[in-house]
1. Can you pick out the pairs among Lys32/Lys62; Lys106/Lys176; Lys17/Lys195; Lys17/Lys58; Lys77/Lys176 whose Cα atoms lie more than 27 Å from each other?
2. Per-residue counts of other Cβ atoms within 10 Å, averaged by peptide: what ranking do you get for 187-195, 137-145, highest first?
3. Among DSSP beta bridges whose residues both lie in the chain, state the antiparallel percentage, nearest 5.
4. If you average the sequence gap of Cα pairs under 8 Å that are 6 or more apart and divide by the length of the chain, what percent do you get for the contact order?
5. Taking the Cα centre as origin and putting +1 on Lys and Arg beta-carbons and -1 on Asp and Glu beta-carbons, what dipole magnitude results for segment 2-219, to the nearest 20 debye?
6. Please list, ordered by chain and number, the residues whose modelled amide H lies under 5 Å from the amide H of Tyr71; skip anything fewer than 5 residues away on the same chain.
7. Give the separation of the Cα centroids, segment 1-69 to segment 184-206, in Å.
8. What value in Å³ per residue do you get for the convex hull of the alpha-carbon atoms in the chain?
Amino acid sequence: MEEYLNPTYYIDSDHPKVVEFARQNSESGVSKTEKAIQLYYAVRDSIRYNPYSIEPLKESMKASSVLNKGYGYCVAKAVLLAACARSQQIPARLGFADVKNHLNTKRLEELMGTDVFVYHGYTELFLNNKWVKATPAFNLTLCNNFNVRPLEFDGTKDSIFHPFDKSGNKHMEYVKDHGTFADLPWDKALAEMIKCYPVYFEDLERRSKDFSTEALKENQ
């Protein structure tokens with residue numbers, strides 16, 4: 001488990017701000033499972049989900065950078081949760097999958113050119129002698145604006161996607177599993193995104209400033 005407890009370049013669990021954020025948001029937890037649950041909700045709801053924030057810079061994907069900005073996309077938030085967990089001596093790693101019908105807006109889908117989101121990221125936490133998947137990406141306000149149920153996490157069951165919206169209609173679907181990693185495979189993930197979404201990385205002017213408000217307008 002040592003490789004899932006040690007800090008890395010991206011999962012900088014020893015960074016003072018990460019350590020303090022994790023401590024403040026898990027100090028009332030007695031067991032590691034309780035602490036993991038508290039950290040999940042802290043990252044889910046205090047760090048705003050923003051899929052327009054992806055940039056090629058390596059530094060932007062460090063957990064401490066995500067925490068400083070206060071926003072990030074699914075992989076960035078998964079990295080932060082992993083760092084917070086490791087700082088509390090909870091083994092953590094990253095998982096990746098391609099998903100269809102990812103929470104999307106017309107503007108974002110036009111930039112991406114598809115409804116498949118490659119290298120969607122989540123966190124795996126080792127709790128009670130097993131790995132449990134947790135996806136802290138979509139904050140509560142954003143889920144309400146999209147009319148989808150927020151992902152809950154109890155530390156015992158996998159929490160990885162929104163299979164249905166609030167009306168019971170089929171929603172997200174995982175179509176390809178890329179496996180798990182002790183650190184962020186950023187070069188591989190970035191190369192795949194640039195290949196699949198060339199317009200997204202070329203047309204920066206079309207990126208929205210407020211994804212949540214954009215979602216609300218489309219789903220009213």
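1. Table pairs above 27 Å Cα-Cα are Lys17/Lys195.
2. Working: 187-195: 14.8, 137-145: 19.9.
With the highest mean Cβ count within 10 Å placed first, the list reads 137-145, 187-195.
3. 90 percent
4. Working: 431 pairs, mean separation 51.1, N = 220.
Relative CO of the chain lands at 23 percent.
5. That gives segment 2-219 a dipole magnitude of about 340 debye.
6. Arg48
7. Between the Cα centres of segment 1-69 and segment 184-206 lies a distance of 23 Å.
8. With only Cα atoms used, the chain gives 112 Å³ per residue.
FYI, it's all coordinate maths here, none of it is from the lab. This structure is a prediction, so every number in the text was calculated from the model and none was measured. Neighbour counts run over all protein chains shown; Cβ positions are idealised from the backbone, glycine included.
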